[in-house]
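Below is one structure, written out as structure tokens, with a few remarks after it.
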Amino acid sequence: MFKGNNSNASIIAVWISLISNVILTGLKISVGFIVKSPVLLADGFHNAGDVIASCAALISMRISKRPADEDHPYGHGKAEVISSAIIAIILGMAAIYIAYEAISAFFEEPAKGSYLALLIAFISLVWKQVLYVYTIRIGKLTNSKGLIATAYDHLADVYASIAAVLGIGLSLIGDIFSIHILSYGDPFAGIIVSVFVFKLAYEIGKEALDILMEKTVVQERLNDFANLINLVPEVKRIDRLRAREHGHYILVDIRASIPGDMTIQEGHDISRKIKKIILENHHDVDEVLIHLNPWYEEES
């Protein structure tokens, strides 16, 4: 399991995300009201949802780092997956909201462009891109589902900010050159962005649901586990091999056959060998549960 500095890095990344989202929410909503920019206001309210998502990620990551106890013998790793599901729901709602606002804009008088709104949208675009690169790197390093979901939330914000920059920019160009149709560039961009955001929500939600439903890890990973088990010479056959993600770590279940004339102590030593070789080669594996079956020569 990931511990120490990696764990601290993920917590710091979420705190940075939370503080950034609070600042951006305040900036966008306040400037949006001042310059009467619907797209900036919509983006600001979207960021308000990100504040909730960041809080959920922070709380879940703290819970997931708790050690196993009597009530939770397999640890608390799935807490992060729950936060991923929450983020997926928030992103899905944001996508619907962005699409609704974009479609509604076609039936209203287009808003005037604002250089201040354009500046704030551009700052948000750059800021969120930096946050995405930073959090996705830390998230993958620590295998933190909550942080990876937060990173994709930042990516969704990048898409939304691109739409805001394009929409406000086109409005300004339309105002300057009296091209009325350009004033509707924002809703067009908004609809496209809503599709991207909804796609992200679906992917994050599907992964979270797969883990909560204890879907097995990919076959390549199982094959790797099997190859390692077969390196233990006493193992005659792998009867069953299963593995599942439990948040930021993996649990492995093994049933293997060893010579039936071996003692309990020898079987215990073989179990330790199997566990040791898997843990040494897969640092994201937290627990290896092994059941040994007797094997006899006539079975070969």
What size of dipole, in debye to the nearest 20, comes out for the chain about its Cα centre when the only charges are +1 on Lys and Arg C-beta atoms and -1 on Asp and Glu C-beta atoms?
640
Considering only DSSP beta bridges where both residues belong to the chain, give the percentage that are antiparallel (nearest 5).
45
Before anything else, pin down the relative contact order of region 5-212: Cα pairs under 8 Å, at least 6 apart, normalised by residue count, whole percent.
27
Between beta-carbons, use under 11 Å as the cut-off and find the net charge around A53, counting Lys and Arg +1, Asp and Glu -1.
-3
Can you give me the angle between helix 145-177 and the longest principal axis of the chain, using Cα atoms only, in degrees from 0 to 90, rounded to the nearest 10?
20
Considering Cα pairs under 8 angstrom that are at least six residues apart, work out the relative contact order of region 135-203 and quote it in whole percent.
27
Volume per residue of the C-alpha convex hull in the chain, rounded to whole Å³
135
Roughly how far apart, in whole Å, are the Cα centres of region 93-152 and region 173-187?
22
If I take all pairs of Cα atoms in region 219-299, what percentage of them are more than 22 Å from each other?
21
Residue by residue, what Karplus-based ³J(HN,Hα) values in Hz, rounded to whole numbers, does region 234-242 have, using 6.51, -1.76 and 1.60 with θ = phi - 60° and x for Gly and Pro?
6, 6, 8, 7, 9, 7, 7, 9, 9
Once the Cα atoms of helix 219-229 and of the chain are each reduced to a long axis, what angle between those two axes, in degrees from 0 to 90 to the nearest 10, is obtained?
30
Could you state the principal axis extents of the C-alpha atoms in region 90-239, from the largest down, to the nearest angstrom?
81, 27, 20
Given charges at Cβ of Lys, Arg, Asp, Glu: region 219-299 dipole, positive-most of L279, N227, G247:
G247
Residue separation between L119 and S30 times 0.36 nm, minus their alpha-carbon distance, gives in nm 30.7 nm
Holding the Cα-Cα limit at 21 Å, pick out from K128/K199; K215/K276; K65/K145 the pairs that are longer than that.
K215/K276
Helical contribution to [θ] at 222 nm, DSSP H n ≥ 4, -39,500 (n - 2.57), averaged over the chain, rounded to 500:
-24000 deg cm²/dmol
Tally Lys/Arg at +1 and Asp/Glu at -1 over every other residue whose Cβ is under 14 Å from the Cβ of P110; what's the total?
-3
Across region 87-137, what fraction of all alpha-carbon pairs, as a whole percent, falls in each successive 10 Å bin from zero upward?
20, 30, 41, 9, 0
Note: R244 to T216 extended length (0.36 nm per residue) minus current alpha-carbon separation gives 9.6 nm
Using only alpha carbon pairs under 8 Å that are at least six residues apart, calculate the relative contact order of region 163-274 and give it in whole percent.
18
Between N293 and residues 5 or more places away or on another chain, which pairs have amide H atoms under 5 Å apart, with H built 1.01 Å from N, and which residues are they?
A256, S257, I258
For L24, the net charge from surrounding residues (Cβ-Cβ under 14 Å; K, R +1; D, E -1) works out to -2
Once you put a point 7 Å from the Cα of K276 and another 7 Å from the Cα of V133, both along the Cβ direction, what distance in nm separates them?
4.4
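Rule-based calculations on the coordinates, nothing more; no lab input. Just so it is clear, the model here is predicted, and its values are computed rather than measured. As a convention, Cβ positions derive from the backbone with ideal geometry for all residues, glycine included, and neighbour counts pool all protein chains shown.
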